[in-house]
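Participant: Below you will find the structure I want to go over with you.
Only the coordinates and a few stated rules stand behind these numbers; no lab work does. Source: prediction; values computed, not measured. Cβ: placed from backbone, ideal geometry, glycine included. Neighbour counts: every protein chain shown.
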Amino acid sequence: KAGVTQTPRYLIKTRGQQVTLSCSPISGHRSVSWYQQTPGQGLQFLFEYFSETQRNKGNFPGRFSGRQFSNSRSEMNVSTLELGDSALYLCASSLGGTGIRYGYTFGSGTRLTVV
Amino acid sequence: TQLLEQSPQFLSIQEGENLTVYCNSSSVFSSLQWYRQEPGEGPVLLVTVVTGGEVKKLKRLTFQFGDARKDSSLHITAAQPGDTGLYLCAGANSGYALNFGKGTSLLVTP
């Protein structure tokens, strides 16, 4: 069974640009979460989607947004990129709300570098 | 503010040694999850503990959830080079979000 697929793996963008990252969850998983990982802050929760609805959002500025499609695939968008947005962006999927109890499957991440 | 504090931050040991990693919080969690992450990859789930006082064993790894569900520990017996990686604990409560510690970076040398 295929794992969580994130594309692209690597991305270099210039300050002020915007970027869209994609995540395809494990087949049958309807919950998709996004995390930002940096050396200084570790993993921080961005948002979680279930059946195309955002159920929770972390403490990030409005430049960070996301959405989920009817096939459970998810995208996140960052507008007006800043140098501090350079990070590994991780997507995780689970069956509905069971990730809280049984754990999540993470993708390999998208490494975003802002120059 | 990091809800979960992990210690030590770094650990370098020889193959065959034992080690314990700690994960502490002042908050109560409904469950606590441990992940291992290797460079360039996403975290991989090792175990989830949900009951206060629970102990789970996964081969040479032993996980314990504190009685008050605020802390956890991971003990590795006879560490091997393949155990090298970043160990992350994550607390879960309502709201579909995990609160991660900053991790313990473990290096096991032959």
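Participant: Across the residues of B:88-95, average count of Cβ atoms on other protein chains within 10 Å?
Facilitator: Averaged over the peptide's residues, the number is 3.
Participant: Separation between the A:T20 and A:N77 pseudo-spin-labels, each 7 Å from Cα along Cα→Cβ, expressed in nm?
Facilitator: 0.7 nm
Participant: Can you give the Rg to Rh ratio of the range A:18-115, both from alpha-carbon atoms, with Rh computed by the Kirkwood formula?
Facilitator: 0.95
Participant: Okay, moving on. For chain B, what percent of Cα pairs sit more than 21 Å apart?
Facilitator: That tail contains 30 percent of the Cα-Cα pairs.
Participant: On average, how many beta carbons from a partner chain sit within 10 Å of the beta carbon of a residue in B:27-37?
Facilitator: 2
Participant: Which whole-number value in Å³ per residue fits the convex hull of the alpha carbons of the protein assembly as shown?
Facilitator: Once divided by residue count, the hull of the protein assembly as shown is 119 Å³.
Participant: Given the protein assembly as shown, what count of lysine pairs have C-alpha atoms under 28 Å apart, with each pair 8 or more places apart or on different chains?
Facilitator: Pairs that pass both the separation and distance tests number 14.
Participant: Going by average Cβ neighbours within 10 Å, how do the peptides B:44-54, A:55-65 rank, with the highest at the top?
Facilitator: Taking the mean over residues of other Cβ atoms within 10 Å, the ranking is B:44-54, A:55-65.
Participant: May I ask you to derive the relative contact order of chain B, considering only C-alpha pairs under 8 Å and at least 6 residues apart, and to give it as an integer percent?
Facilitator: Computed value for chain B: 37 percent relative contact order.
Participant: If I build a Gaussian network model for chain A, linking alpha-carbon pairs within less than 10 angstrom, which residue out of A:R15, A:R30, A:R101 has the largest mean-square fluctuation?
Facilitator: Maximum fluctuation in the GNM of chain A, among the listed residues, is at A:R101.
Participant: Across peptide A:37-45, what mean number of C-beta atoms from other chains lies inside 10 Å of a residue's C-beta?
Facilitator: Rounded to a whole number, the mean comes out at 5.
Participant: If you find the alpha carbon centre of the range B:18-61 and of the range A:29-89, how far apart are they in angstrom?
Facilitator: Centre-to-centre (Cα) distance: 23 Å.
Participant: Something else now. Name the residues whose placed amide hydrogens come within less than 5 Å of the amide hydrogen of B:L46, ignoring near sequence neighbours (fewer than 5 apart) on the same chain.
Facilitator: B:W34, B:Y35, B:R36
Participant: Another question, if that's okay. Would you mind computing, in nm to one decimal, how far apart the modelled labels at A:T53 and B:S26 are, each placed 7 Å from Cα along Cα→Cβ?
Facilitator: According to this spin-label approximation, the distance is 3.5 nm.
Participant: What does the C-alpha gyration tensor say about the overall shape of the range B:46-110? Classify as rounded when a/c is under 1.5, otherwise prolate if a/b is larger than b/c, or oblate.
Facilitator: The shape class here is oblate.
Participant: Cut-off 18 Å, label point 7 angstrom out along Cα-to-Cβ of B:V44: give me the residues of the range A:8-47 whose amide nitrogen falls inside.
Facilitator: A:26
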